[in-house]
1. Running Debye on the chain with equal point scatterers at the Cα sites and no solvent, what base-10 log of I(q)/I(0) appears at q = 0.13 Å⁻¹?
2. Below 21 Å Cα-Cα, how many Lys pairs turn up in the chain? Only count pairs eight or more apart in sequence, or on different chains, if you could.
3. Around M75, with a cut-off of 15 angstrom between Cβ atoms, what is the net charge of the other residues, counting Lys and Arg +1 and Asp and Glu -1?
4. Within segment 110-169, report the trypsin sites (Lys or Arg not before Pro) that DSSP leaves as loop and that have at most 15 other Cβ atoms within 10 Å.
5. With everything on Cα atoms, drop me the angle between helix 184-197 and the longest principal axis of the chain, reported from 0 to 90° to the nearest 10.
6. Which whole-number percent gives the relative contact order of the chain, counting Cα pairs below 8 Å spaced six or more residues apart?
7. Quick check: from the Cα gyration tensor, does segment 2-66 come out rounded (a/c under 1.5), prolate or oblate?
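Just so it is clear, none of the values below were taken in a lab; they were calculated from the coordinates. Everything numeric here is computed off the predicted structure, so don't read it as measured data. Positions of Cβ are backbone-derived with ideal geometry, glycine not excepted, and every protein chain shown enters the neighbour counts.
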Amino acid sequence: MYVPAGVHEVYVGIWIPGFVHKVVVVVNGVADVTLFVRDFSIYARIAADTPVVVQFGVMYFPLLPLAVFIYLVLMREEVARKLAALCAPLYSRFIRPLDFLSNKRRKAIYEYIQQRGYSWPREIEKVFNMAYGEVQWHLALLERGGFIYSFRALRRRFYVDKSLEFRNALEKIYREQAGRAPTEDEVAQAEDSLSARR
């Protein structure tokens with residue numbers, strides 16, 4: 001685009017909310033180019049002492065899909081837990097209590113927790129070679145069905161067989177995982193996370 005000497009405003013392209021815009025400016029000559037947005041349009045203010053030739057290229061990158069992708073990558077465990085928590089109540093309303101254990105993998109997870117007394121999602125994921133989201137799904141259904149309960153301790157969420165009383169379960173977890181008894185503060189924090197989930 002030929003631009004005569006002086007100060008001129010030139011239309012470059014459209015400005016779209018929710019997109020990252022990359023504007024490439026090529027100037028054949030000497031000019032001061034300033035980009036700005038007005039009324040959903042991108043403009044360039046060109047100040048040149050002599051006539052110049054200017055070329056513009058505008059690239060658009062959608063911000064929302066990129067942000068969603070980054071969020072899913074960074075927060076995959078939290079997203080899987082929230083999806084399981086959202087879907088499990090809906091699914092479990094339509095199945096009878098005996099049907100909770102009709103799934104072979106869910107039954108194996110429950111038997112593992114029942115035998116050991118407790119477990120956590122990452123351990124189950126490794127023991128059964130399952131995806132994290134699938135583990136969360138089965139644990140949420142077992143918890144919703146009343147077969148297990150959960151609480152946070154030692155920076156993890158532990159899932160415990162319902163036959164093991166809370167204080168005994170917490171004591172067992174701390175003895176086996178940390179090699180010590182839980183402090184009163186740790187007991188209180190675990191109780192808070194337990195009551196919030198029930």
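1. One equal scatterer on each Cα of the chain leads to -0.75.
2. Working: K82/K126; K104/K126; K104/K162; K107/K126; K107/K162; K162/K172.
Value for the chain: 6.
3. Details: positive: R76, R81, K82; negative: E77, E78.
Value of the local net charge: +1.
4. Details: sites: R116, R122, K126, R144, R152, R155, R156, R157, K162, R167; in loops: R155, K162.
Hits after loop and neighbour filter: R155, K162.
5. It is inclined by approximately 80 degrees.
6. On the way: 256 pairs, mean separation 31.5, N = 198.
The value is 16 percent.
7. Numbers: a/c = 3.61, a/b = 2.24, b/c = 1.61.
Verdict is prolate for segment 2-66.
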